[in-house]
1. Specify the residue that is farthest from the chain's Cα centre (by Cα); the eligible residues are those in segment 143-159 that are loosely packed, with under 14 Cβ neighbours inside 10 Å and either within 28 Å of residue 40 (Cβ to Cβ) or not small (Gly, Ala, Ser) (or both).
2. Out of the residues in segment 109-142 meeting the condition of being surrounded by fewer than 20 Cβ atoms within 10 Å (Cβ to Cβ) and polar (S, T, N, Q), tell me which one is farthest from residue 81 (Cα to Cα).
3. Taking interchain pairs and intrachain pairs at least six residues apart, which have beta carbon atoms under 7 angstrom, with the first residue in segment 70-87 and charged (D, E, K, R) and the second surrounded by fewer than 17 Cβ atoms within 10 Å (Cβ to Cβ) and part of a helix (DSSP H, G or I)?
4. Mind checking which residues of segment 53-86 are closer than 28 Å to residue 185 by Cα, over 12 Å from the mean Cα position of the chain (by Cα) and outside any loop (DSSP other than H, G, I, E, B)?
5. If I filter segment 87-109 for residues that are at pLDDT below 95, among the basic types (Lys, Arg) and more than 17 Å from residue 59 (Cβ to Cβ), do I get at least one hit?
Amino acid sequence: MSVRRIALAALAVLVVVVLVLVTKPGVSRVGLPLTDAHVIREQAAAKHLDPALIAGVIYAESKFDPRPSPAGAEGLMQIEPSTAYYLAGLSGGVRFSASDLATPSVNVAYGSYYLRYLLDHYAGDLMLALAAYNAGLTNVDAWVARARANGESLSEEAIPFPETREYVRRVLRAQRDYRATYASALGIE
């Protein structure tokens with residue numbers, strides 16, 4: 001067998017291995033990780049959210065790496081302990097501890113609760129809810145009030161923080177990608 005044929009055979013084997021890995025459930029698709037899909041499905045159902053949205057937020061926040069951020073946010077959905085304590089009070093969580101944010105099921109439950117809370121606060125406006133998840137409710141409320149005072153609504157392009165504008169775009173892109181790539185793993189029909 002010639003060196004060229006051996007190289008082609010090795011390349012063919014490599015292609016088959018890659019194809020098997022990217023189509024196997026629970027295995028990270030090229031650049032698009034997914035862990036704790038069962039937790040995402042459960043919280044999406046409980047909070048009436050799109051599971052691909054939750055996965056998109058997790059991707060934008062942590063890329064499924066739950067290490068604490070330099071700003072102190074923790075877990076898959078990168079929730080700040082002060083926000084988690086606020087959410088615990090809203091949701092009736094009486095036994096919450098900041099260390100609980102390291103547990104994926106708790107973190108995703110709180111992050112999903114916060115997403116639902118923000119969507120309700122902004123009458124279902126996903127762009128505003130995502131902006132608030134990133135920049136904070138107070139900032140987004142002020143931006144919306146300023147836009148309304150000018151007789152406008154806040155558009156994505158008018159978000160004053162470039163980081164927040166890009167965050168909204170990143171989550172929406174990731175939501176589309178998770179919906180297309182992991183529909184069965186996320187329980188999307």
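The values are calculated or read from the model by the stated rules, or taken from the named source; none is laboratory data. Remember, predicted model here, so these are calculated numbers, not experimental data. All Cβ positions, even for glycine, are placed from backbone atoms using ideal geometry, and neighbour counts span all protein chains on display.
1. Among those that are loosely packed, with under 14 Cβ neighbours inside 10 Å and either within 28 Å of residue 40 (Cβ to Cβ) or not small (Gly, Ala, Ser) (or both), it is 150.
2. 139
3. 74/102
4. 74, 84
5. Yes, segment 87-109 contains at least one residue that is at pLDDT below 95, among the basic types (Lys, Arg) and more than 17 Å from residue 59 (Cβ to Cβ).
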